[in-house]
Amino acid sequence: MQKFNLKDLIIAYALGMLPFALLLAILSLAGVTPVVFNGTPQYGIKGFLIALLLSPIFGFIMGLVSFITLSIGRFIYNKLFYRKAINKP
């Protein structure tokens, strides 16, 4: 079974969230919807920058959580099922 690459997971999550972060940043810059950070709504340039900076941070967190979860699942699979499939004639 193939190992998971932490770097690839982080990049995929960060780039996957980027379009939504850009949309939220533009809407915040236009004053349509706020970016809520630490319980306070942020509009304008501040909201724009916060929305763009949160994308890589969330990408890192999601990538790390996914890496840990997938590694645990791969470990369990290898211990329970992988050897049985190899030893079959």
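The values are calculated or read from the model by the stated rules, or taken from the named source; none is laboratory data. Please read these numbers as outputs of a predicted model, since none were measured by experiment. We work out accessible area using only protein heavy atoms, side chains counted, and drop any ligands, DNA or RNA first. Shrake-Rupley method; radii C 1.70, N 1.55, O 1.52, S 1.80 Å.
One table, with the values for the structure above:
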{"quantity": "Matching label, Cα extents along the principal axes in Å computed from the structure shown, candidates (i) 43, 23, 18; (ii) 32, 28, 27; (iii) 66, 22, 17", "calculated": "(iii)"}
{"quantity": "Potential lengthening between residue 49 and residue 20 on full extension [0.36 nm per residue; Cα-Cα distance subtracted]", "calculated": "9.1 nm"}
{"quantity": "Lys pairs, the chain - Cα-Cα below 25 angstrom, 8 or more residues apart or on other chains", "calculated": "4"}
{"quantity": "Accessible surface, the chain, averaged per residue in Å² (probe 1.4 Å)", "calculated": "75 Å²"}
{"quantity": "Rounded percent of accessible protein surface that carbon and sulfur make up, region 8-89, 1.4 Å probe", "calculated": "76 percent"}
